[in-house]
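The values are calculated or read from the model by the stated rules, or taken from the named source; none is laboratory data. This one's a predicted model, so the numbers in the text were calculated from it and none came from an experiment. In this analysis, Cβ positions are derived from the backbone assuming ideal geometry, glycine residues included, and neighbour counts consider all displayed protein chains.
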Amino acid sequence: MPLQYGYLRGTFGLPYGGYCIRPQCLEDVVLQADNDHKQMFCVIGRYDEVSEWLDHNQHIALNHSSMQATFTHELIVELYTSSSALSRAIWGLRRINVQLVIRIARTWDRNSDLGSQFHPLLKIIVPSGVSFPEIRSELDCAQSDKLRDATHNKNLLNTVLSRTSSYGTSSAYPKRSSGTLSPSALPAYERRDQLPPSYFE
C-alpha cells in the first residue's frame, strides 16, 4: 500500500476509514471543526513508513480552530488497523498497515470506552500546536487499549508553548514555514477617508 496523507473524507462522521485528500502544499495543518473537509487529518500506510513520514515533516505543526462547546483545546491522535492480533504478533507493529488519524478532541474523549467494537489500537491526547515528530515520539510511548495523556508531559507542553508564542497573537493560524509571507508580517490595515489616487497619477 503506497503511503497516503491528507484531510480525511468519506467516513460518515467516524474517525477511521474513508480516503485522503492531499493538500496542494503541505504547510502547518489547521483542523477546522466547522469545515467538513478539514475536520480530520490522516496518514495511511505501513507503520514504519508512517513513522518515517512524521519524522521527515518536522517543520509542520498541527493546530485547530474551533469555538464549539463540544470541542476542547487538545488534539486526539488515533492509530487504527485492520490487521488481526495474530498478524501483529507475527509481523510486529512496524510491518502492518495502519491509519493514523488526528482530530480535534471532544469533551468526552478522555472518558471514552476503549473497549467498544470500533476502537483505535493506540489513542493519545496531545496539545494543539504539536509537531509531527512529537506525535511520533508519543506513539512510541503509548500502550494498546490505554489512553495516553501527553498533555501531562511538561517538556512537550513547554516546547509547544514556546513554539506557539513565537507565532504571535494568533496561535490558531501559525506562520507558514515554507518561506511565504505570513499574515502577521503584513502591515496593519489603515482606514482612510480620502479616495486613493486615480490609476494614471
Subject >> GLY17 being surrounded by 15 or more Cβ atoms within 10 Å (Cβ to Cβ), small (Gly, Ala, Ser) and in contact with a Pro (Cβ under 7 Å, 6 or more places away or on another chain) >> reply: no
Original post:
Mind checking which residues of the range 139-162 are charged (D, E, K, R) and at pLDDT 85 or above?
Top reply: ASP140, ARG148, ASP149, LYS154
Original post:
Does the range 91-106 hold any residues that are within 30 Å of THR70 (Cα to Cα) and of a type in the set (Lys, Arg), and which are they?
Top reply: ARG103, ARG106
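Every residue, every condition in (1) at pLDDT below 80; (2) under 14 Å from the mean Cα position of the chain (by Cα); (3) under 19 Å from ASP145 (Cα atoms); (4) buried (at least 17 other Cβ atoms within 10 Å of the Cβ), yes or no:
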residue: HIS56; (1), (2), (3), (4): no, no, no, no
residue: HIS59; (1), (2), (3), (4): no, yes, no, no
residue: ASN63; (1), (2), (3), (4): no, yes, no, yes
residue: MET67; (1), (2), (3), (4): yes, no, no, no
residue: SER87; (1), (2), (3), (4): yes, no, yes, no
residue: ALA105; (1), (2), (3), (4): no, yes, yes, yes
residue: ASP113; (1), (2), (3), (4): yes, no, yes, no
residue: SER128; (1), (2), (3), (4): no, yes, no, yes
Original post:
Looking at the range 118-163, which of its residues are more than 23 Å from SER83 (Cβ to Cβ) and basic (Lys, Arg)?
Top reply: LYS154, ARG163
**OP:** Output the strands (runs of 3 or more DSSP E) that fall wholly within the range 1-106 and possess 2 or more residues being touching a Ser or Thr at 6+ places or on another chain (Cβ under 9 Å), touching a residue at least 40 places away in the same chain (Cβ under 8 Å) and farther than 26 Å from ARG163 by Cβ, or say none.
**Re:** 97-106
Original post:
If SER51 passes every condition in (1) out of contact with any strand residue (DSSP E or B) (no Cβ under 7 Å at 6 or more places or on another chain); (2) of a type in the set (Gly, Ala, Ser); (3) at positive phi; (4) crowded, with 19+ Cβ neighbours inside 10 Å but one, which one does it miss?
Top reply: (3)
Original post:
Can you name the condition, by its number, that ARG136 falls short on among (1) buried (at least 18 other Cβ atoms within 10 Å of the Cβ); (2) modelled with pLDDT under 50?
Top reply: (2)
